[in-house]
1. Could you list, in sequence order, all residues of the range 156-182 that are part of a helix (DSSP H, G or I), of a type in the set (D, E, K, R) and surrounded by fewer than 16 Cβ atoms within 10 Å (Cβ to Cβ)?
2. Taking only the range 52-77 into account, find how many residues are under 13 Å from Trp177 (Cβ atoms) and surrounded by 18 or more Cβ atoms within 10 Å (Cβ to Cβ).
3. Just for the range 113-122: of the residues that are farther than 14 Å from Trp45 by Cα and not charged (D, E, K, R), which one is surrounded by the fewest Cβ atoms within 10 Å (Cβ to Cβ)?
4. Please go through (1) under 16 Å from the mean Cα position of the chain (by Cα); (2) surrounded by fewer than 17 Cβ atoms within 10 Å (Cβ to Cβ); (3) within 28 Å of Pro38 (Cα to Cα) for Lys147 and return the number of the only condition it doesn't satisfy.
5. Test Phe55 against the stated conditions and say whether it is under 17 Å from the mean Cα position of the chain (by Cα) and assigned to a loop (DSSP other than H, G, I, E, B).
6. Anything in the range 112-155 that is free of Cβ contacts under 8 Å to residues at least 60 places away in the same chain, assigned to a strand (DSSP E or B) and of a type outside the set (Val, Ile, Thr)? List them, or say none.
Amino acid sequence: MQIKKPVLPAVLCLALLGGAAEAAERSLDKEVIIKATPEQAWQSWTTREGIVGFFAPDAKIEPKVGGAFQIYIDPNGKPGEKGADDMRFMALQPYKMLSFDWNAPPSLPEARAQRTFVVVRFAPVDAAHTKVTLHHSGWGEGGEWDKAYGYFDRAWGNVLNNLKLRYESGPKDWSEWLKQLEQYRAQQAASAPK
């Protein structure tokens, strides 16, 4: 007499295998080729002057593990509302890779209370060009997480395009951006209850 072994449903088999077939973690991946050496690209991400040249009007940058990587999209904003106020470098491999923690914009307070992680890599293409890749992970699901993901899907493309333009036509001029922020603040103050 032959004993038949029970057949397990496919879902149960996958669960028993430790989730080997789980979906890959949600992430954002962007890249750009810039007319700069890896050393120049590195300086753009690891100095205040470099950040102001393409990313934001002001910053506090301390290029060491645990050092500040604070990007001030709104330098005159209240503490906690300037942009990436309390971010820090997580790892640095000169001219090759850096990583930092990151948060959502102030308009998404639930997601902003958490942190995600960004890895930026630099690879020479030739003597005058570098490929810069950006990998952003650590996303939650639903609600504000989905809004933050959509926001950064657009924003990182803009940041990398600004980096490319920085090496094609010079550092970014933030005067119009700052003027728009002041006009927005004036409108908010005028419409505030008295």
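The values are calculated or read from the model by the stated rules, or taken from the named source; none is laboratory data. No experiment lies behind these values; they were computed from the predicted model shown. A quick note on method: Cβ atoms are made from the backbone with ideal geometry, for glycine too, and the neighbour counts reach across all protein chains shown.
1. Taking the range 156-182 and keeping what is part of a helix (DSSP H, G or I), we get 156-169, 175-182.
Subsequent filtering for residues that are of a type in the set (D, E, K, R) retains 164, 166, 168, 176, 179, 182.
If the condition is that a residue be part of a helix (DSSP H, G or I), of a type in the set (D, E, K, R) and surrounded by fewer than 16 Cβ atoms within 10 Å (Cβ to Cβ), then Glu168, Glu176, Lys179, Glu182 are the ones that fit.
2. 9
3. Of the residues in the range 113-122, the ones farther than 14 Å from Trp45 by Cα are 113-117.
Those left that are additionally not charged (D, E, K, R): 113-114, 116-117.
On the way: Ala113: 10, Gln114: 16, Thr116: 21, Phe117: 16.
So, considering only residues that are farther than 14 Å from Trp45 by Cα and not charged (D, E, K, R), the one surrounded by the fewest Cβ atoms within 10 Å (Cβ to Cβ) is Ala113.
4. Against the list (1) under 16 Å from the mean Cα position of the chain (by Cα); (2) surrounded by fewer than 17 Cβ atoms within 10 Å (Cβ to Cβ); (3) within 28 Å of Pro38 (Cα to Cα), Lys147 comes up short only on (3).
5. Working: under 17 Å from the mean Cα position of the chain (by Cα): yes; assigned to a loop (DSSP other than H, G, I, E, B): yes.
Answer is yes for this residue.
6. Phe117, Arg121, Asp126
Yes/no matrix, rows are residues, columns are (1) modelled with pLDDT of 95 or more; (2) outside any loop (DSSP other than H, G, I, E, B); (3) among the charged types (D, E, K, R):
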{"site": "Leu12", "(1), (2), (3)": "no, yes, no"}
{"site": "Gly18", "(1), (2), (3)": "no, no, no"}
{"site": "Ala23", "(1), (2), (3)": "no, no, no"}
{"site": "Asp29", "(1), (2), (3)": "yes, yes, yes"}
{"site": "Gln43", "(1), (2), (3)": "yes, yes, no"}
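This table checks each residue for (1) in contact (Cβ under 8 Å) with a residue 24 or more places away in the chain; (2) closer than 15 Å to Val159 by Cα; (3) assigned to a loop (DSSP other than H, G, I, E, B); (4) of a type outside the set (Ser, Thr, Tyr).
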{"residue": "Ala59", "(1), (2), (3), (4)": "no, yes, no, yes"}
{"residue": "Lys64", "(1), (2), (3), (4)": "yes, no, yes, yes"}
{"residue": "Ile71", "(1), (2), (3), (4)": "no, yes, no, yes"}
{"residue": "Glu81", "(1), (2), (3), (4)": "yes, no, yes, yes"}
{"residue": "Ala91", "(1), (2), (3), (4)": "yes, no, no, yes"}
{"residue": "Leu98", "(1), (2), (3), (4)": "yes, no, no, yes"}
{"residue": "Pro106", "(1), (2), (3), (4)": "yes, no, yes, yes"}
